[in-house]
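The values are calculated or read from the model by the stated rules, or taken from the named source; none is laboratory data. As the structure is a prediction and not an experimental result, all values here were calculated from the model. Backbone-built Cβ (ideal geometry, glycine too); neighbour counts: all protein chains shown. Please note that ligands, DNA and RNA were not included when accessible areas were found on the heavy atoms of the full protein model with its side chains. Shrake-Rupley method; radii C 1.70, N 1.55, O 1.52, S 1.80 Å.
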Amino acid sequence: QGIAVDGLVSYIIISNVDILLSETFFSQLISYDTTSNTGWIAPKIYSRTLNMDFNPQALHRYRYKKMIALRLLFKYPLLLWLKQKLLHQYREIKVHDAGPIYAGHGSLIILTAQFFRQCGIIDYPIFLYGEEIYLAELCRTNQLEVVYVPQIEVYDIGKVSTGQIPAKQYCKYNYIAIDYLIRHFYKTPSS
């Protein structure tokens, strides 16, 4: 869905079906002063179930070693299950200030007209997963910022989009996505 300003589309919004917009969503978005180098606006995506904001997804670009580790976790689902069971209890809920980040969460993405001017058409060939890193890399390589804007608010009502996917398929799709992203954006360990 696009928001038109003076007859031109200023934003394209990509959203999962399990997102509710706040009453002030559109007024906050229209009043937000986007700079010329903003490619992606990441709103506050609040989960009532988890009592947390999903944004920012990532403050900094993932290192090559982290991408390799993620691919390994999704290749061997038992490792992923163990990680989730062992480390979930230590998860910290953090609050971040508005400003530039590496990537927003994929459940609601607001891309600016500038994104399409500089990055062109989105041509991501992977099913369901990894789009956050893909779009963040497009922004990074085209000198565009991803900006976290918590005053623009939406609510996640929980796993309606992907919650029914069996664990084996979930891991397979994530493995394929991470492998694609490594091959296209992390060609060497130093990248």
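Just one of (i) 17.8, 53; (ii) 16.4, 46; (iii) 16.8, 53 is Rg and Dmax of the Cα atoms in Å calculated from these coordinates, so which is it?
Only one listed value fits the structure, namely (iii).
Between Ser31 and Asn142, what is the FRET efficiency for a Förster distance of 45 Å, r being their Cβ-Cβ separation, to the nearest 0.05?
Rounded to the nearest 0.05, the efficiency is 0.95.
I'd like the carbon and sulfur percentage of the solvent accessible area for the chain, probe radius 1.4 Å, heavy atoms only, ligands and nucleic acids excluded.
Summing carbon and sulfur atoms, their accessible area is 55 percent of the total for the chain.
Considering only DSSP beta bridges with both partners in the chain, what is the antiparallel share in %, to the nearest 5?
70 percent
Taking 0.36 nm per residue of separation and subtracting the Cα-Cα distance, what length does fully extending Lys94 through Trp81 add?
Residue separation times 0.36 nm, minus the Cα-Cα distance, leaves 2.4 nm.
Which of the three applies to segment 40-143, rounded, prolate or oblate, going by the alpha-carbon gyration tensor with a ≥ b ≥ c and a/c under 1.5 meaning rounded?
Here segment 40-143 falls in the oblate category.
Once you have a ≥ b ≥ c as the square roots of the Cα gyration tensor eigenvalues for segment 101-191, tell me rounded if a/c is under 1.5, and otherwise prolate or oblate according to whether a/b is larger than b/c.
oblate
Sorted by mean Cβ packing within 10 Å, highest first, what order do the peptides 169-175, 27-33 take?
The most tightly packed comes first, giving 169-175, 27-33.
Taking a spot 7 Å from the Cα of Arg48 along the direction of its beta carbon, which residues of segment 25-39 have an amide N less than 18 Å from it?
Within reach of a label on Arg48: 25.
Can you list residues whose amide H is under 5 Å from Asn55's amide H, if they're 5+ apart or on another chain and H is modeled 1.01 Å from N?
Here Ile45 satisfy the definition.
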